[in-house]
């Protein structure tokens, strides 16, 4: 007889987005004249810019002619895109990332959800709270946690992100094997300094852990002292995988294209 | 210390596509004047037809204007597509499938690879041989098999598809919980009759098993007596999930769009 993956029954409804909506509504009611930058929910409203529209039309015309039609592309993504990513997102910021370390995909949600499958199921997890719910939920479904008790899953080391630490968790005393970090953070908007990120790289080296660094929102960084990539930190190549998305920038809102860097 | 998913180390290189290439080359060398319809490797060469090109241009223009821009769509897919699928692919062939039972996706490879995650890891698998390697490999990575011995994984009930049974395996004596079927078959091109499919539905009911029916190549069927969908068989709604792809038809070659039906 067929049986379901019982781990799914552990999934508790995430209250994160409902909680954000409640707080946003309360704030805007109390301060109707203050603008609110909504970093919580991921939907988008702005049209694609002219450069993207022209490129999509040109690509459609390519697919309309046998001479220029493209079949399945290289599994890692087209070289022209990987080379530009390596140059502009990394080399230009002093990070030694090669085009062959860039994996193009259809979105950071898929990438950050699927990546956990390459690791063992009995590893120790450290995940910030609050954070993008996909990190937790995919690990619950994969069987890396116990039951949900009072809104938290047994077996996860939660990294408290509160006003007391400006929403940037310090490295814990306890060891972990796989650590999720997201800066600028979804949903708090907090950013991590070079020193804070260096502490995480040092923690990963001491514990032989892997950092999963989600920088989907890096284009929102305005302070030039804040790193855009974990690879701006010495030694991060040895311990970190980074997720980047085009869908949060002003260029490509809502259209599925992202990449993962695995040095 | 981080550790990998050890199941990956069981993965043996699939020789299916290399074997197909070798046989095709030998045949075309021996019969240079005979046309060969290649159903093995999934790449495509034909351009998109005018209707698809026009629709892609129109959709691009929609995304270029704030008034018509679309953000993230409904998670199950847009209703206009699900309603047309339910009508033309199912109702028109006498299958009672509703639009709310259709799940639109970015391809049958992803769907047929991901679906196994909803089931327990200690279920019994039955998988045809030869077949699309994704069915086997995703179950190996999920830990549902033992080691690979002489090209076959321990723990899988292989359904022999040979010239002796015209490449349509009969239902086995042994029970299984999850059965993969693919008709028209990739790579053999074999199709299953109504009677043969009814035997599988009966087998699934007797064993309380689920059939995963991949009909990505249904548009190649020319014999009007051959079912295009498992749901043309009485009772299949109770036991079968079906995978369909637009990427194998003359309309949408190589562009990622597919759907899964879960009644």
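Look through B:142, B:96 and report the one residue that is touching a residue at least 24 places away in the same chain (Cβ under 8 Å), in contact with a helix residue (DSSP H, G or I) (Cβ under 9 Å, 6 or more places away or on another chain), closer than 15 Å to residue B:212 by Cβ and surrounded by fewer than 20 Cβ atoms within 10 Å (Cβ to Cβ). Unique residue meeting the criteria: B:142. One residue stands out among those in segment A:19-41 that are free of Cβ contacts under 8 Å to residues at least 24 places away in the same chain and in a loop (DSSP other than H, G, I, E, B): the one that is nearest to the other protein chains (Cβ to nearest Cβ), which is A:38.
Would you pick out the residues in segment A:217-239 that are within 14 Å of another protein chain (Cβ to nearest Cβ) and under 13 Å from residue A:96 (Cα atoms)? Walk me through it before giving the result.
Narrowing segment A:217-239 to residues within 14 Å of another protein chain (Cβ to nearest Cβ): A:238-239.
Within segment A:217-239, just A:238 meets the criteria.
From the list B:191, B:179, the one residue that fits, being in a strand (DSSP E or B) and touching a residue at least 12 places away in the same chain (Cβ under 8 Å), is B:179.
For (1) surrounded by fewer than 21 Cβ atoms within 10 Å (Cβ to Cβ); (2) touching a strand residue (DSSP E or B) at 6+ places or on another chain (Cβ under 8 Å); (3) modelled with pLDDT of 95 or more, each residue gets a yes or a no:
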| position | (1), (2), (3) |
| --- | --- |
| B:150 | yes, no, no |
| B:162 | yes, no, yes |
| B:214 | no, yes, yes |
| B:248 | no, no, no |
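Which of the residues belonging to segment A:103-124 are outside any helix (DSSP H, G or I), more than 11 Å from chain B (Cβ to nearest Cβ) and closer than 19 Å to residue A:204 by Cα?
So in segment A:103-124, the residues outside any helix (DSSP H, G or I) come out as A:103-107, A:119-124.
After this cut, where a residue has to be more than 11 Å from chain B (Cβ to nearest Cβ) as well, the list is A:103-104.
None - no residue of segment A:103-124 is outside any helix (DSSP H, G or I), more than 11 Å from chain B (Cβ to nearest Cβ) and closer than 19 Å to residue A:204 by Cα, so the list stays empty.
Per the listing A:191, A:140, the residue uniquely within 27 Å of residue B:9 (Cβ to Cβ) and modelled with pLDDT of 95 or more is A:140. Total residues in segment A:53-87 satisfying the condition of being surrounded by 13 or more Cβ atoms within 10 Å (Cβ to Cβ), touching a residue at least 24 places away in the same chain (Cβ under 8 Å) and part of a loop (DSSP other than H, G, I, E, B): the figure is 2. Out of all the residues in segment B:172-209, which are over 30 Å from residue B:38 (Cα atoms) and crowded, with 17+ Cβ neighbours inside 10 Å? Correct list: B:176, B:177, B:203, B:204, B:207, B:209.
Looking only at residues that are part of a loop (DSSP other than H, G, I, E, B), away from chain A (no Cβ under 11 Å) and out of contact with any helix residue (DSSP H, G or I) (no Cβ under 7 Å at 6 or more places or on another chain) in segment B:1-13, which one is modelled with the lowest pLDDT? Working first, answer last.
Kept after step one, since they are part of a loop (DSSP other than H, G, I, E, B), are these residues of segment B:1-13: B:1-3, B:5, B:11-13.
Filter once more, so that each one left must be away from chain A (no Cβ under 11 Å): B:11-13.
Adding the requirement that they be out of contact with any helix residue (DSSP H, G or I) (no Cβ under 7 Å at 6 or more places or on another chain) leaves B:12-13.
On the way: B:12: 81, B:13: 71.
By that ranking, first place goes to B:13.
Looking across segment B:115-134, just one residue is within 22 Å of residue A:7 (Cβ to Cβ) and within 12 Å of the chain's Cα centre (by Cα), and that is B:115.
State all residues of segment A:197-216 that are more than 13 Å from chain B (Cβ to nearest Cβ) and in a helix (DSSP H, G or I); if no residue qualifies, say none. Working first, answer last.
Start the filter on segment A:197-216 by keeping residues that are more than 13 Å from chain B (Cβ to nearest Cβ), which leaves A:197-202, A:213-216.
Answer for segment A:197-216, where residues must be more than 13 Å from chain B (Cβ to nearest Cβ) and in a helix (DSSP H, G or I): A:197, A:198, A:199, A:200, A:201, A:202.
Tell me, yes or no, whether segment A:222-237 has at least one residue that is in contact (Cβ under 8 Å) with a residue 40 or more places away in the chain, within 25 Å of residue A:133 (Cβ to Cβ), in contact with a strand residue (DSSP E or B) (Cβ under 6 Å, 6 or more places away or on another chain) and assigned to a helix (DSSP H, G or I). Yes, segment A:222-237 has at least one match.
The values are calculated or read from the model by the stated rules, or taken from the named source; none is laboratory data. Computed from a predicted model, the values in this text were never measured in an experiment. Note that each Cβ is placed from the backbone with ideal geometry, even for glycine, and that neighbours are counted across all protein chains shown.
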